[in-house]
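Some notes on the structure that comes next.
The values are calculated or read from the model by the stated rules, or taken from the named source; none is laboratory data. Predicted model, so just to flag it, every value in this text is computed and none were measured. Heads up, the Cβs are rebuilt from the backbone with ideal geometry, glycines too, and the neighbour counts pull from every protein chain shown. Note: accessible area is taken over every heavy atom of the protein model, side chains too, but ligands, DNA and RNA are not part of it. Shrake-Rupley method; radii C 1.70, N 1.55, O 1.52, S 1.80 Å.
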Amino acid sequence: MTLLQDILYGLRLMRRAPGFTAAAVLTLGLGIGVNAATFSIVDVLSLMPLNYRDPSRVAFILGRTNTARQERGMNLPLADASDIGRQMQSFEDVAAYQYWSANLTGGARPERIQAYRVTANTFTLLGVDAAIGRALTSSDGFPETASVIVLSDGLWRRRFGADPAVVGTSVILDGAAHTVVGVMPRRFEFPVFNFKGEAWTAMKGTADALARRTASPSIVSIARLKPEASYTSAGAELETVMRRLEADHPQTNRGLGAELVEMRRLGEVFQPAPITLIALAAVAVVLLLACANVANLLLARAVTRGCELAVRAALGAGRARLVRQLLTESVLLAVAGSVVGLALAFWGLRLLRDSLPELLIVTQPNVLDLGIDRLTLAFTIGVMAVSALLFGGLPALKAGRARTTDALKSGGHGTAGPSHRRLRAGLMIAEVALSLVLLVSAGLLVRTFARLQHVDPGFNPDRVLTLTITLPEYRYRDADSQRRFFSTAADLVARVPGVQRAGFVNVLPFSTYNRGTRYIADGVAPPEAGREPSSDFRIVTGDYFAALEIPVAAGRAFDSRDREGTDRVAIVNRTLARRAFGDASPLGRRIRIGRVASQTPWLTIVGVIGDVRHSEITGRAEAELYVPLAQTPIDMMMLAAKTTGNPDDLAGAVQKAIASVDPLQPVYHVKPLRRLVDEALLPQASAMSMMTMFAVLALLLSAVGIYGVVSYVVSQQSRELGVRLALGASPTDLMRLVLQRGLALVGIGTVIGAVGALLATRLLSGILYGVTSTDWPTYIAVAPGLILVGAIACYIPARRAMRLDPAIVLRAE
């Protein structure tokens, strides 16, 4: 009953002081809201389990291309995965998959879908069955069985109108008939950090064929650990198996290794900076600022309620009873703030979900689950409880220790003692210090992003339209037909009004895709077998370099001389030229694709181009080897069309030109090249936007806190100020006095915050570029700005002090 009385009394107090209640609830709502929204994002990216059976036992087997230098890669040779599956005692099963972008025909229009060829045990390993029909089974992997396919829920709804009768029908992928045997559940997503997939078909082959090491295809391998196996023991066993394979197959496995990583923790392996930790730390600071503001409000109210609490104590209320009453009121404020915060978080997450870039939607698991789920709700309740203790605990204990006689003697005119004033000043200093930490962090990230915008990637991504074309083998079987299609398409696209240049390449920069090769340079000491140098491998048409404005540093670009039947040629970038030939000119020298024992023809180097960043703006340039499409045909190419205006405006005309070559040929990934580059900068852009938003909130909360403290001090010291006026002080003198006292606290907070920023911003070192955590221009720009905001917050109550009438103030005393 006493608890109910406390709650009802607290509600009456909230209704009686609507201004105080609104200020406290809105402040808490901001702090709790950003915490709830950020936790939901972290939950989706790092904590939410994948929709598999016992997902913590599912892991990637990452290949190590160079065990000495600890170089990681996602892929393994299929033969290695097969051997690992047979020899590992810690694994229940091992599966593999290979990306397969396929042409889906037979409907109203051709469509390119994200498909996978998977070993038939993949769905059994993941522990997921089809929602309609069945998933793949081991019998589907035999060469003599008919080709079957499993559809994603999204493709089933989009292409087949969610018709359950699709099971048993035939669909055409790259000209081959596949029988639909099942549709996966709506919540199913394929293994993390890959395209989620729209269709899956069985990778066929006998055990002997899979174990063949020559020309073994590159795949992504996943494993399920046995219940009794740990990741440590399984990783050690995997290393033993890889060393055994290296000893048994030195020509193909020398220097190769493997690493076991729990599937949902893959981001921790490749992510250079703890962005999740940074986000949680930043929102914790915002919450602390909100709590500090509300604590200041409660301390101010506690002074005015001193007489009330003294009367309660005089009538028999113990200290614990008074503290419980005040904590109950704090909990009510926290509950109201949580409701507001959840509403803000729900609205903000909905806006974020609706504006997600395509790259995240098609690759990041669970990303469309952004919202307030049960775990986020539980987290918010925990934040609410902690917040109530943070902002309500000190004022409650302070009020509980107040002396009853002093409060009663004051006649209801509550005054704050020295300890009370020190506590409020300390909270104000802490707010300024924490705000400066966030503002400096945001400033460093803004400067990083600005520097990244000016990094030269080796090409010009502006006004370039890109798209991808994959020719189906059943219609383009021979090299001539492939050459003819891309040559004709490039010519027709170049004639589209508004297009300046058009060229094809097998791999565009920042396309989230790559292709590499080994090479041998003529005239230098040959490497040991298995240790041949590697480079990125590019197949291009003549105008590709001009379309992307890639400079030709020496020699020439490809032209009409480079065709089938003429001397085979190549172009290298500066990095490959330096690695292969040192300071000597590579022009006229020869290079061969493949390993030492390869019999591929020698290529004469006719040109050297500038280095091109392929996947990371800040990464080092890799060696690149270019060959002309006319001499090395291929079925999959990416278009780069340089336009005079907005490339999006020409997307329809360019697609129409390609359709005139083959109306049954779909194109996909149609987007400006600038967007590909921006998506590569998404981690830095997200960190910058997030930290800037938190810094703005921190600055706002600090300004409110400074204003509240100084305004309260002015009201508490009105008698002193009135006496000063009566004794001859001018209003300007009073303003100067109030500003000095307020800015002194702001200055102390700024100094403490600068020291804290020097320590805290070391967390950002992994994502900073062109600046360091001690970048003095950022501190010089941020610190005066914070002091200026503090000065404005102090100026408003200082102006009020100037207008005090000493007669009225002293008469009231």
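Heavy atoms only, 1.4 Å probe, whole protein assembly: order 712, 544, 99 by accessible area, highest first. All intermediate terms of the calculation are to be shown ahead of the outcome.
Details: 712 30, 544 5, 99 90 Å².
So, going from the largest accessible area down, we get 99, 712, 544.
Sort the following peptides by mean Cβ neighbour count (other Cβ atoms within 10 Å, averaged over residues), highest first: 730-741, 786-797, 693-704. Mind showing how you got there, number by number?
Numbers: 730-741: 16.0, 786-797: 19.3, 693-704: 21.5.
The densest-packed peptide leads the list: 693-704, 786-797, 730-741.
Can you give the calculated 222 nm mean residue ellipticity of the chain, where each DSSP H run of n ≥ 4 adds -39,500 (n - 2.57) and the sum is split over every residue, rounded to the nearest 500 deg cm²/dmol? Walk me through the numbers on the way to the answer.
Numbers: 26 runs with 400 residues, N = 813.
After summing the helix terms and dividing by the residues of the chain, the value is -16000 deg cm²/dmol.
Helix 231-248 versus the longest principal axis of the chain: what is the Cα-based angle in degrees, 0 to 90, to the nearest 10?
20 degrees
Roughly what angle does helix 319-354 make with the longest principal axis of the chain, taking Cα atoms, 0 to 90 degrees, to the nearest 10?
30 degrees
Within 10 Å, Cβ to Cβ, of residue 202, how many net charges do the neighbouring residues add up to if Lys/Arg are +1 and Asp/Glu are -1?
Values: positive: 117, 204; negative: 140.
Cβ neighbours under 10 Å give a net charge of +1.
Could you list which residues have their amide H under 5 Å from that of residue 258, counting only those 5 or more apart in sequence or on another chain, with H placed in the peptide plane?
64
Just order 79-91, 665-677 by mean Cβ neighbour count inside 10 Å, highest at the front, would you?
Working: 79-91: 20.4, 665-677: 18.8.
Top to bottom by mean Cβ count within 10 Å: 79-91, 665-677.
Hey, what's the chain come to in accessible area per residue, 1.4 Å probe, Å²?
Numbers: 36140 Å² over 813 residues.
Accessible area per residue, the chain: 44 Å².
In the set (i) 1.08; (ii) 1.05; (iii) 1.01, which value of Rg/Rh (Cα atoms, Kirkwood Rh) was calculated from the structure you see?
Among (i) 1.08; (ii) 1.05; (iii) 1.01, the one derived from this structure is (i).
So for each of 615-622, 437-444 I average, over its residues, the number of other beta carbons within 10 Å; can you give me the resulting order with the highest mean first? Please report the intermediate quantities before stating the final value.
Numbers: 615-622: 14.4, 437-444: 26.8.
In descending order of packing, they fall as 437-444, 615-622.
Quick one: net charge of residue 481's neighbours, Cβ under 12 Å, K/R +1, D/E -1? Walk me through the numbers on the way to the answer.
Details: positive: 475, 477, 483, 484; negative: 473, 478, 480, 635, 662.
Net charge around residue 481: -1.
Cβ under 14 Å from residue 536's Cβ, residue 536 left aside: what net charge do those residues give with Lys, Arg +1 and Asp, Glu -1? Walk me through the intermediate numbers first.
Details: positive: 515, 518, 538, 574, 579, 613, 620; negative: 611, 616, 622, 624.
Charge balance near residue 536 sits at +3.
At 1.4 Å probe size, with the rest of the protein present, what percent of the exposed accessible area of segment 1-124 is carbon and sulfur atoms? The partial results should precede the final answer.
Values: 3010 of 5170 Å².
Whole-percent figure for carbon plus sulfur exposure: 58.
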